[in-house]
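Everything below concerns the one structure shown next.
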Amino acid sequence: MLITDLFAAGGLVMYPLLIASVVAIALIIERCVFWAKVNRQQRRIVREALADYEAGSDAVLPKLKQHGDLPLARIFLEAIEMDYAPPQAFHNFVEGAIQAELPLLRRFNTVFDTIVAAAPLLGLLGTVMGLIRSFASLDLGSVGQEGTARVTGGISEALVSTASGLIVALLVLLFSNIFRGFYRRQLALIQEYTNQLEALHFCRYEESRTGKPMRLNRS
């Protein structure tokens, strides 16, 4: 069945389903590119930044700025710029930077949820419209081919629109759950690495306050 035939069979609800599909595909591609870059580069950059920060290297800030498109790099950048602050204030800066990143990590989740909820309802609307068309075309006193074609056309509209709505919803739901898995894993990594950063800052702060060198054993 050609695309034009599919749209003719599915009725009017196929057009909003098409728009929802195009929007979903565009956003899915954007999220795939984003998470691929984060998962590929972030661990290495953050570990190098922690090592430079522990060693007191001046290269840590330029390196973080160079990778400012990574969530943890932005969090570290905002926190390290407040390196002079006491540990509690530094912790507050870190928490604020984390909270600022969360909406970016959850980006487009509301759009995905809306499409997942709306697509089956649009398919159901197409089902109702198709059945209405079938019953309106039904003439018990007529057995001609024209009347039969109108009835079967309405049933086809009902089935095609329902199937299309379910397909759109299932595909978007699949990718939405994958992105949520990446988000949860990212939260765990943020917690792990920011805890290390705060521990290193505490050592640096105590060393500057007491004059006694302190070192943190990190694996």
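Observations on the model:
- Surrounding net charge for Glu78, when Lys and Arg each add one and Asp and Glu each subtract one, Cβ distance under 14 Å: -3
- Region 1-115: relative contact order as a whole-number percent, Cα under 8 Å and 6+ apart: 19
- Computed lengthening from Leu18 to Leu159, 0.36 nm per intervening residue step minus Cα-Cα distance: 49.1 nm
- Listed by Cβ neighbour count within 10 Å, with the fewest neighbours leading, Asp52, Asp58 appear as Asp58, Asp52.
- Sorted on the mean count of surrounding Cβ atoms within 10 Å across their residues, most packed first, peptides 20-31, 65-76 read 65-76, 20-31.
- Neighbour-count order for Thr162, Thr110, fewest beta carbons within 10 angstrom listed first: Thr110, Thr162
- For region 61-66, Karplus couplings with θ = phi - 60° (6.51, -1.76, 1.60), whole Hz, Gly/Pro x: 5, x, 5, 5, 5, 5
- Between Gln66 and Ile167, the FRET efficiency estimated from the beta carbon spacing at R0 = 35 angstrom works out to 0.25.
- Theoretical gain in end-to-end length, Val128 to Ser57 [0.36 nm per residue, Cα-Cα removed]: 18.8 nm
- Radius 9 Å from Cβ of Lys63, net charge of other residues (Lys, Arg +1; Asp, Glu -1): -1
- For Ile178, Ile190, order by how many other beta-carbon atoms lie within 10 Å, fewest first: Ile178, Ile190
No lab work stands behind these numbers, since they all come straight from the coordinates. What you see is a predicted model; the values in this text were computed from it and never measured. Quick reminder, even Gly has a Cβ in these numbers, built from the backbone with ideal geometry, and neighbours come from all protein chains shown.
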